[in-house]
Amino acid sequence: MHARPVAYSPSVEKPIEDEEQVHRELMDTMRSITETTSKDNGHAVRSVHAKAHGVFAGELTVASGLPAELAQGLFGAPATFKVVMRLSTQPGDLLDDSVSAARGMAVKVLDVPGERLPDSRDETSQNFVLASDPAFAAPDAKKFLGSLKQLAATTDKAEWAKKALSATFRGLEGALEAVGGQSAMLKSMSGVPITHPLGDSYHSQTAFRFGDYIAKFALVPVSDNLTQLKGERVDVTDRPDALREEIRNTMIEQGGEWELRVQLCSDLEKMPVEDASVAWDEEASPYHTVARITVAPQLSVGTELQTLTDERTFFSPWHGLAAHQPLGSVNRARRRTYEMSADFRASFNGCPVHDAHAFMATPA
């Protein structure tokens, strides 16, 4: 281990100015996105990460022999749990895959024992909501609100224009990366290179309580069939669901394996809890593996599991163990907005939305 990890205390969180008002505006903005897409589709989808490219079931095995700093919460003792995983892209409307965007991987670990966070007292899952960039696009909820309002203004607007802009932004982003740089702004505006999602690593971006400590999470592909997909470009020409097709072909033939890793906070100044736009220094505090997820070969689209996941469940980092409480401005904003989005979908579609109940009778 490197420097001694910082001990968790409620004092590590510092509410931003007008936080409650910011949260209300975030909920209003997300609701406006969902209302727009629901009206068009006649069906409510998620206000962000609406389009799923693959849903699959597997097992998470907690590593044995972890040191005390890593044997925390869910990872306190060796065990194996069923998991459901959902790969998606960021927008709240269902777009052609030529409109590139940041990717997300949501993981729901089922039947987890232990003291629960208040919002999920009647549930038994641990949720991880991860994204393809190591840091969030905005430092806090207030800055994110400004970006979300811009995104909301483009919802349901000329898809042909989004395709053209996306291609332009990808070209600019590619030029930056060629000289060792990158732009969070360009990536957030559909400048993400269109590569195979199964080759990506996924990050919590925000901080979480990790039992006695504070940490960020990462999900990293480790099986050979997935690591070789890193950076592989996907041809989306005349293929509106190209990513779904590529993921299906890989998962049905080979499945895959990932490691779930944690990065412990060792310096609150250099590894802030409240500023989600700062990627924590991996030399000062490297990631450590705490579990492995194994997914057997299976269909990843057009299945009962995908239908259950997309229509009857939702993912929220506030549904889990008290030992993994979400921390920081962005996470505090997620608490009510995610619940609002799920409630809206349930009401509009006339179908209850749960954290994990839908999976209880379904093999995972």
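The values are calculated or read from the model by the stated rules, or taken from the named source; none is laboratory data. Remember, predicted model here, so these are calculated numbers, not experimental data. For neighbour counting, all protein chains shown are included, and Cβ atoms are generated from backbone atoms with ideal geometry for every residue, glycine included. Side chains are part of the model used for accessible areas, which takes the heavy atoms of the whole protein and leaves out ligands, DNA and RNA. Shrake-Rupley method; radii C 1.70, N 1.55, O 1.52, S 1.80 Å.
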Quick one: Gly73 ticks every box in (1) at positive phi; (2) surrounded by fewer than 17 Cβ atoms within 10 Å (Cβ to Cβ) bar one, so which box is it?
(2)
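I need the full set of residues from the range 292-315 which are of a type outside the set (A, V, I, L, M, F, W, C) and outside any loop (DSSP other than H, G, I, E, B), in order please. Please lay out each step first, then the result.
Step one: list which residues in the range 292-315 are of a type outside the set (A, V, I, L, M, F, W, C), which gives 292, 294, 297-298, 300, 302-304, 306-307, 309-313.
If the condition is that a residue be of a type outside the set (A, V, I, L, M, F, W, C) and outside any loop (DSSP other than H, G, I, E, B), then Arg292, Thr294, Glu304, Gln306, Thr307, Thr309, Asp310, Glu311, Arg312, Thr313 are the ones that fit.
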If a residue has to be more than 17 Å from Gln306 (Cα to Cα) and outside any loop (DSSP other than H, G, I, E, B) to count, how many in the range 82-126 make the cut?
6
Residue pairs, Cβ under 8 Å, 6 or more apart or interchain, first in the range 14-32 and of a type in the set (D, E, K, R) and at pLDDT 90 or above, second open to solvent by 30 Å² or more (accessible area, probe 1.4 Å) and assigned to a loop (DSSP other than H, G, I, E, B). List them.
Lys14/Glu274
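Confirm whether Arg345 is at pLDDT 90 or above and basic (Lys, Arg). Explain how you work it out, then say what you get.
Numbers: at pLDDT 90 or above: no; basic (Lys, Arg): yes.
So Arg345 fails the test.
Among the β-branched types (Val, Ile, Thr), open to solvent by less than 20 Å² (accessible area, probe 1.4 Å) and modelled with pLDDT of 80 or more, is that true of Val55? Quick ask: steps written out before the conclusion?
On the way: among the β-branched types (Val, Ile, Thr): yes; open to solvent by less than 20 Å² (accessible area, probe 1.4 Å): yes; modelled with pLDDT of 80 or more: yes.
So Val55 passes the test.
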So which pairs qualify, if the first residue must be in the range 211-231 and on the phi > 0 side of the Ramachandran plot, the second must be of a type in the set (S, T, N, Q), the Cβ gap must be under 9 Å, and the two must be at least 6 apart or on different chains?
Gly211/Gln72; Gly231/Thr195
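Take the residues in the range 234-258 that are among the charged types (D, E, K, R) and free of Cβ contacts under 8 Å to residues at least 60 places away in the same chain; name whichever of them is farthest from Phe56 (Cα to Cα).
Start the filter on the range 234-258 by keeping residues that are among the charged types (D, E, K, R), which leaves 235, 238-239, 241, 244-246, 248, 253, 257.
Imposing the further condition that a residue be free of Cβ contacts under 8 Å to residues at least 60 places away in the same chain reduces the set to 235, 238, 245-246, 253, 257.
Numbers: Asp235: 23, Asp238: 26, Glu245: 14, Glu246: 14, Glu253: 13, Glu257: 12 Å.
Filtering first and then ranking leaves Asp238.
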Failed item in (1) assigned to a loop (DSSP other than H, G, I, E, B); (2) farther than 20 Å from Glu274 by Cβ, with Ile33 passing the rest
(1)
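Per-residue answers, yes or no, for (1) within 30 Å of Val295 (Cβ to Cβ); (2) in contact with a Lys or Arg (Cβ under 9 Å, 6 or more places away or on another chain):
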residue	(1), (2)
Arg4	no, no
Lys14	no, no
Asp18	no, yes
Val22	no, yes
Asn41	yes, no
Ala50	yes, no
Phe56	yes, yes
Val62	yes, yes
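Answer yes or no as to whether Glu19 is within 30 Å of Lys230 (Cβ to Cβ) and either touching a helix residue (DSSP H, G or I) at 6+ places or on another chain (Cβ under 9 Å) or open to solvent by less than 50 Å² (accessible area, probe 1.4 Å) (or both).
Numbers: within 30 Å of Lys230 (Cβ to Cβ): no; either touching a helix residue (DSSP H, G or I) at 6+ places or on another chain (Cβ under 9 Å) or open to solvent by less than 50 Å² (accessible area, probe 1.4 Å) (or both): yes.
Judged against the criteria, Glu19 is not a match.
Which residue is nearest to Glu69 (Cα to Cα), if the candidates are limited to the range 246-275 and must be part of a strand (DSSP E or B) and open to solvent by less than 10 Å² (accessible area, probe 1.4 Å)?
Step one: of the range 246-275, the residues part of a strand (DSSP E or B) are 256-264.
This time we only want the ones that are open to solvent by less than 10 Å² (accessible area, probe 1.4 Å), so: 256, 258, 260, 262-264.
Values: Gly256: 28, Trp258: 21, Leu260: 15, Val262: 10, Gln263: 11, Leu264: 9 Å.
So, considering only residues that are part of a strand (DSSP E or B) and open to solvent by less than 10 Å² (accessible area, probe 1.4 Å), the one nearest to Glu69 (Cα to Cα) is Leu264.
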